[in-house]
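Trainee: Let me begin by handing over the structure; questions about it come next.
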Amino acid sequence: MSGSDLAELGRLRELLVRLADGLETFLAFDEPDRSVIDRARWSAPLSGPVPETGVGVDAVLDELLTWVVPNGLRTPHPGFSGYILSRPTTAGIVAGTAATVAGHVRDFLSSFNHLEDVGLAWLAGVCGLRDHSGVFSGGGSTANLIALGAARQAAFEAIGVDPAAEGLHAGPRVSVYGSSEVHHTIHRAAAVLGLGRSAFVPVATDRCGRVDPDAVRDRIRADRAAGVLPVAIVAVAGTTSTGYIDPILALADVAAEEGVWLHVDGAYGLLARCLPELAELLDGVEQANSAIVDPHKWLGTPVGCGATYVRDGDLLERAFTQEPAAYLATYGTEEMTSQFDHLGRGWFDRSLELHAPSRGSWVWAVLREIGLEGVRARLRRHIAYASSLAEMVDTSPHLYVSVPPSLSICCFRHVAGDAHTTELLRRLRADTSYVPSTARIDGQLAIRACFVNPATTIADVEGLAEAASSIAAALAHE
Ligand SMILES: *Cc1c(COP(=O)(O)O)cnc(C)c1O
């Protein structure tokens, strides 16, 4: 045995250049999507038992280029407007690759540990959060869990219990308030944190899904009188279905009056705080005890990037500390000379992860590339697309807009009802490159386009409107 590893450790330039060629071909989308129809062809060579003998990195790259990349997920296509799935821009891809190699965890005293701070501070600046400190995590799901973990810590400390240390077994019944439109990751966060899914209290909303602050106040008072401990009020800054924004400022007043934590779930919409014309809609965010935003949505970083911000960073550490661990002790001298004399900012004590990628470098790279000016231009373009789509859809006698667009989301339906709307969506997917998703509004199905993809142009919006109205007309005449 030579003692050398079987894995290739070099040849980065050569292999990355070949990969990049394949990726650019994929992103050109010259071929129609056959990945589902052909899936038996490509899944067979990618399956089988774990190999006893490896094939080497060149063969791995060949298989990536032949079977994997061409059948990859087509969310970066300019006609894709489903869910809230963006397309990572080149700066984030490049920074992510750099971090994988030269900053493979976010800890210790390296440039990457520093960029974690810079990325968080810049993102806070974009979102108008001045007095908050943050931490990155894998996305909105985890970011909401971390924020509600801090809320739980605050609520229980106020009654003399340290929930992180002691658990909740002796605690009172608890509740978390928000609209029926809150993202389901809020319910799951309540489950994981031991509050229970049933702790979530859905409060009355208006037609657009915005919660009624007076109803929240009334419910909190009634619950308190019944011995329930209110843990948090959740305001959504941009609901996933329609992009509507809860009345954050009014909820901040209720939270302050009632002494309850205010959390703003801005996974999608909080970025819009950088637009002066929308500032009023997002007023009150700066008063929130916690807020989250997902750079992997509108900001276009690679997926796996959410950020939680809290006013009281110490609370986050009490809620999520790992406690001192022998394997994490560093024996640095007063005068630090090695990266490994110190762990740097201890992100692992404020979230759920120890080993974690340097997502700060992704955020830093995308903001460094285009600046606030570029972010504002993208958001304004996408918001205008949603309005334009609504206007175009309105000209079809077979379609109508379900609720006026908010942020970059436009929802519309077939006038003949759910069955036609479902078939319209199916034909869009099957026969065109325009791929929206769905929402349910007033109990009825709607087709929902959400513009967050930086590659989308007004021609794609027109294309979607034209395709939708011609399919809708055909359906009406069948
Ligand atoms: C997308 C989204 C989430 C979940 O975020 P992930 O990054 O998908 O985990 C939570 N809340 C809202 C409002 C969202 O739009």
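Each value in this text was obtained by applying a stated rule to the coordinates, not by laboratory testing. All figures in this text were calculated on a predicted structure; none of them were measured in a lab. Glycine gets a Cβ as well: all are built from the backbone with ideal geometry, and neighbour counts include every protein chain shown.
Trainee: Over the range 163-312, what is the mean sequence separation of C-alpha contacts under 8 Å (at least six apart), divided by residue count, expressed as relative contact order in percent?
Mentor: Relative contact order here is 18 percent.
Trainee: Moving on. Take each uninterrupted DSSP H stretch in the chain, measure its Cα extent along the helix axis, and return the ones at 24 Å or beyond whose mean Kyte-Doolittle hydropathy is at least 0.0.
Mentor: On the way: long enough: 140-157 (25 Å, 0.47); 359-394 (43 Å, 0.03); 458-477 (29 Å, 0.98).
TM-like helix candidates: 140-157, 359-394, 458-477.
Trainee: How long is the chain along each principal axis, judged by its Cα atoms, biggest number first, in Å?
Mentor: 73, 69, 45
Trainee: If each of Val415 and Thr97 carries a label point 7 Å out from its Cα toward its Cβ, how far apart are those two points in nm?
Mentor: 5.2 nm
Trainee: If you wrap the range 219-307's Cα atoms in a convex hull and average its projection over all directions, what's the area in nm²?
Mentor: Orientation-averaged projected area of the Cα hull: 6.5 nm².
Trainee: Counting DSSP beta bridges with both partners in the chain, what percentage is antiparallel, nearest 5?
Mentor: Among the beta bridges of the chain, antiparallel pairing accounts for roughly 60 percent.
Trainee: Another one. Using the crude model of +1 on Lys and Arg Cβ and -1 on Asp and Glu Cβ, and no other charge, please compute the dipole size for the range 27-178 relative to its Cα centre, in debye to 20.
Mentor: Dipole magnitude for the range 27-178 comes out near 500 debye.
Trainee: For Cys410, Cys208, what's the fewest-to-most ordering of other Cβ within 10 Å of each Cβ?
Mentor: Cys208, Cys410
Trainee: Pairs of Cα atoms under 8 Å, at least six residues apart: use those to get the relative contact order of the range 271-377, whole percent.
Mentor: Normalised by residue count, the contact order of the range 271-377 is 24 percent.
Trainee: Moving on to the next point. Relative contact order of the chain, please, whole-number percent, based on alpha carbon pairs below 8 angstrom and at least 6 residues apart. Walk me through the numbers on the way to the answer.
Mentor: On the way: 870 pairs, mean separation 100.6, N = 478.
Relative contact order comes out at 21 percent.
Trainee: Magnitude of the Cβ-charge dipole of the chain, K/R +1 and D/E -1, about the Cα centre, nearest 20 debye?
Mentor: 760 debye
Trainee: Would you order Thr337, Thr185 from fewest to most other beta-carbon atoms within 10 Å of each residue's own beta-carbon?
Mentor: Thr337, Thr185
Trainee: Now, a different point. How far apart, in nm, are two points set 7 Å out from the Cα along the Cα-to-Cβ line at Ala20 and at Asp218?
Mentor: A separation of 6.2 nm, rounded to one decimal place.
Trainee: Any idea how far apart Asp5 and Ala325 come out in nm if each label point goes 7 Å out from Cα toward Cβ?
Mentor: With each label point 7 Å from Cα toward Cβ, the separation is 2.2 nm.
Trainee: Further question: log₁₀ I(q)/I(0) of the range 214-268 at q = 0.29 Å⁻¹, via Debye over equal Cα point scatterers, no solvent, to two decimals?
Mentor: Normalising to I(0) and taking log10 leaves -1.12.
Trainee: Order of Val161, Val60, Val236 from fewest to most other C-beta atoms within 10 Å?
Mentor: Val60, Val161, Val236
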